[in-house]
Amino acid sequence: MQLVKTGAFVRAARAAKVAVAAARFPAPAFVQSRWQSSQAQTQDAPDEQAFPEQSVDVSREVDPAKTAAASSKHGRHSELEKKLQESGPENKIIHDTEGSGAKILGTPYIFDETSNLSGSILSLVGRNLYEHPDHPISITRKLIESCFEEPTFKHFAMNNPVVTVTENFDTLGFPKDHPGRSRTDTYYVNSTHLLRTHTSAHEHSAFTWLNNNPSSKGYTICADVYRRDSIDRSHFPVFHQMEGARVWAPNADRAALIESDCNNMPKTSLQVEDQATDFSTDANPFQPEHEHNHEEVHLVARHLKLSLEQVIDRIFQASQASLPSAARSSFGPMRARWIEAYFPFTSPSFELEVAWSGEWLELLGCGVTQQAILERAGLKNHIGWAWGVGIERFAMLLFGIPDIRLFWSTDPRFLKQFTRGKITKFEPFSKYPACYKDIAFWINATPSASSPIGATTSSTSGVAAAAGGDATKASLTETQPAAFHENDIMEVLRDVAGSLVEDVKLVDEFVHPTSGRKSLCYRINYRSLERTLTNEEVNGLHEEVARRMKGLFGVELR
Ligand code: DAH
């Protein structure tokens, strides 16, 4: 039997044989969440700003095609569309006899067989934490933006996470079988639209904007991004990324200009080792199909690396400054290294790692932008670099925040600890008790590419590809996966218990010697950040999880 991989709404949509890609109503202007707008409006201007307030929201200016893209072509489902259109302003999923659909930031979408959104994920769309000036996500964003000065760089925030599959993957050169495209890893609104899995989804629009605004030479983008993923203290299905890029127009003195810019960059206190300087091999090549001047590519790579070292240095300095002076001296210089990487939209490509608590911690990806991407945006014969970082990882290190769910907390004991422009260490408030519950079940499918566990998983699990997707967990032929996938139980848990789940671990695996059936046992840690959960409440949640696992995936509970 094929195991069903999606939520009830998708099954309902399938049953109704919904074949329509998207709704036809235009996307309205960006919708601010009540939380965000009320807090933001009551902020007084700070006396002292450590980082400049320089960003603007120009998502529609950058992305005028968005309105047209979200609407579409069909004439059916008019009743459902109408219902969605006329429903209240908040994000929601509606099922009716015609099918199912969602309203996201005011725009209706009709589901099809690819849809896999859940109400719990939609409830997080529109919070815009990066626009709340005293929130650690926003403070970190400003710190990063302060390394890329206006007017050379323009700072964007992109509030609407719904983008087309083309924007998120195709335009960037993602192969059709890239694990990031899998429905087990990505939230699809329908077969044409999805919740962006990375800020690179806006590269084309932003490069097009640069082409039309040549007084700017670069940009940063800040946005919320969405990935179906495991549940633990450093993974949450929504997180924040920043993306940056810099281009140089054709110019006879271009190499000299880039070089002089490099030479003028301030020295940092980092101790950097560069293991990615050879672009002559297939491992991390010059772009073979373009006649790049190799000397220029080396200079662009150097400029990119030096620019990002400034970011790391500024973050490290800010983090040091937040420590008591006795603790500061115990740190030696921050060690960092550049290693080779692969991204479909850059070549050569790099990752920057820093030595942190005895391990190399990956902080960001970057590279020399694929020429085809620049040309498609009208930037003929330009050359440029781009990078992408996850904000939470920086913010957790900077503020000492131990659990990623805290960023979403509305608890004043959390929010009141932070002030714009300042890095202060998080003071933990009382931790409420954990409640562990196991769920064990037989899965019907034989182990396959999508098996959550396997011989190789323990060493490589969690290795996310660009734009998401874990090659060790995803089934590569994405549309109708054949077996149970670990992200399915994660999604059920998120839907049933939301942020009351702290982490989920596979604790046992067993293959029946005669039937060959596999049994899995997951241990779920239910814990609220805000209160003590009662036994009764946890039992209720856990029973609902079991019921859905049985109903949705046909597993046999043990
Ligand atoms: N989008 C990548 C990710 O989510 C990060 C990234 C890597 C962005 C390289 C870039 C880049 O612009 O050049 O993992």
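When you scan the range 250-269, do you find a residue that is more than 30 Å from Ala395 (Cβ to Cβ), loosely packed, with under 12 Cβ neighbours inside 10 Å and β-branched (Val, Ile, Thr), even just one?
Looking for residues that are more than 30 Å from Ala395 (Cβ to Cβ), loosely packed, with under 12 Cβ neighbours inside 10 Å and β-branched (Val, Ile, Thr), one finds none in the range 250-269, hence no.
Just wondering, is there one or more residues in the range 271-291 that are among the aliphatic types (A, V, I, L, M), closer than 30 Å to Arg196 by Cα, outside any loop (DSSP other than H, G, I, E, B) and touching a Phe, Trp or Tyr at 6+ places or on another chain (Cβ under 7 Å)?
No.
Of all the residues that make up the range 322-335, how many are touching a residue at least 12 places away in the same chain (Cβ under 8 Å) and in contact with a helix residue (DSSP H, G or I) (Cβ under 6 Å, 6 or more places away or on another chain)?
Within the range 322-335, residues that are touching a residue at least 12 places away in the same chain (Cβ under 8 Å) and in contact with a helix residue (DSSP H, G or I) (Cβ under 6 Å, 6 or more places away or on another chain) number 1.
Suppose we filter Ser118, Ser138 for residues that are under 19 Å from Ala157 (Cα atoms) and in contact with an Asp or Glu (Cβ under 7 Å, 6 or more places away or on another chain); which single one remains?
Of Ser118, Ser138, the one residue that is under 19 Å from Ala157 (Cα atoms) and in contact with an Asp or Glu (Cβ under 7 Å, 6 or more places away or on another chain) is Ser138.
For the range 499-513, which positions are farther than 14 Å from Trp442 by Cα and not in a strand (DSSP E or B)?
Ser499, Leu500
This table checks each residue for (1) of a type outside the set (A, V, I, L, M); (2) more than 30 Å from Thr166 (Cα to Cα); (3) in contact with a Gly (Cβ under 7 Å, 6 or more places away or on another chain).
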residue	(1), (2), (3)
Met265	no, yes, no
Val272	no, yes, no
His290	yes, no, no
Ser357	yes, yes, no
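Show the residue pairs meeting these rules: Cβ distance below 7 Å; 6+ apart or different chains; first residue within the range 374-389 and in the same structural domain as Glu362 (by TED's automatic domain parsing) and on the phi > 0 side of the Ramachandran plot; second residue of a type in the set (Asp, Glu) and more than 10 Å from the ligand (Cβ to nearest atom).
Correct list of pairs: empty, since none qualify.
Please work out if Asp229 is free of Cβ contacts under 8 Å to residues at least 60 places away in the same chain and either of a type outside the set (Gly, Ala, Ser) or not assigned by TED's automatic domain parsing to the domain that holds Ile404 (or both).
no
Considering each residue of the range 515-551, count those that are surrounded by fewer than 16 Cβ atoms within 10 Å (Cβ to Cβ) and either part of a strand (DSSP E or B) or among the β-branched types (Val, Ile, Thr) (or both), and give that number.
Looking only at that region, the number is 4.
Name the residues in the range 513-544 that are in contact (Cβ under 8 Å) with a residue 60 or more places away in the chain, touching a strand residue (DSSP E or B) at 6+ places or on another chain (Cβ under 7 Å), more than 20 Å from Phe484 (Cβ to Cβ) and not charged (D, E, K, R), would you?
Asn525, Tyr526, Leu533, Val538
Name the residue that is nearest to the ligand (Cβ to nearest atom), counting only residues in the range 210-234 that are part of a loop (DSSP other than H, G, I, E, B) and more than 16 Å from Phe153 (Cα to Cα).
This residue is Arg227.
Could you figure out which of (1) over 22 Å from Gln241 (Cα atoms); (2) surrounded by fewer than 23 Cβ atoms within 10 Å (Cβ to Cβ); (3) touching a residue at least 40 places away in the same chain (Cβ under 8 Å) isn't true of Tyr109?
(2)
Restricting attention to the range 235-248, which residues are within 15 Å of Lys305 (Cα to Cα) and either within 9 Å of the ligand (Cβ to nearest atom) or not assigned by TED's automatic domain parsing to the domain that holds Trp387 (or both)?
Initially, the range 235-248 is screened for residues within 15 Å of Lys305 (Cα to Cα), giving 243-247.
Across the range 235-248, the qualifying residues are Glu243, Gly244, Ala245.
Can you say whether Arg196 is at pLDDT 95 or above, within 11 Å of the chain's Cα centre (by Cα) and basic (Lys, Arg), as far as the supplied structure shows?
yes
Are there any strands (runs of 3 or more DSSP E) wholly within the range 306-424 with 2 or more residues that are more than 22 Å from the chain's Cα centre (by Cα) and either within 14 Å of the ligand (Cβ to nearest atom) or surrounded by 14 or more Cβ atoms within 10 Å (Cβ to Cβ) (or both), and if so which?
335-343, 346-356, 383-390
Within 13 Å of the ligand (Cβ to nearest atom), modelled with pLDDT of 95 or more and not basic (Lys, Arg): which single residue out of Phe148, Phe156, Phe207 fits that description?
Going through Phe148, Phe156, Phe207 in turn, just one is within 13 Å of the ligand (Cβ to nearest atom), modelled with pLDDT of 95 or more and not basic (Lys, Arg): Phe207.
Does Ile139 fit the bill of being touching a residue at least 24 places away in the same chain (Cβ under 8 Å), within 13 Å of the ligand (Cβ to nearest atom), aliphatic (A, V, I, L, M) and in the same structural domain as Ala249 (by TED's automatic domain parsing)?
Working: touching a residue at least 24 places away in the same chain (Cβ under 8 Å): yes; within 13 Å of the ligand (Cβ to nearest atom): no; aliphatic (A, V, I, L, M): yes; in the same structural domain as Ala249 (by TED's automatic domain parsing): yes.
No; evaluated as a whole, the condition is false for this residue.
Applying the selection to the range 86-115, what residues are more than 11 Å from Val189 (Cβ to Cβ) and among the hydroxyl-bearing types (Ser, Thr, Tyr)?
Ser87, Thr97, Ser100, listed by residue number.
The values are calculated or read from the model by the stated rules, or taken from the named source; none is laboratory data. Note that this is a predicted model, so its numbers are computed, not measured. Note: ideal-geometry Cβ built from the backbone for every residue, glycine included; neighbour counts use all protein chains shown.
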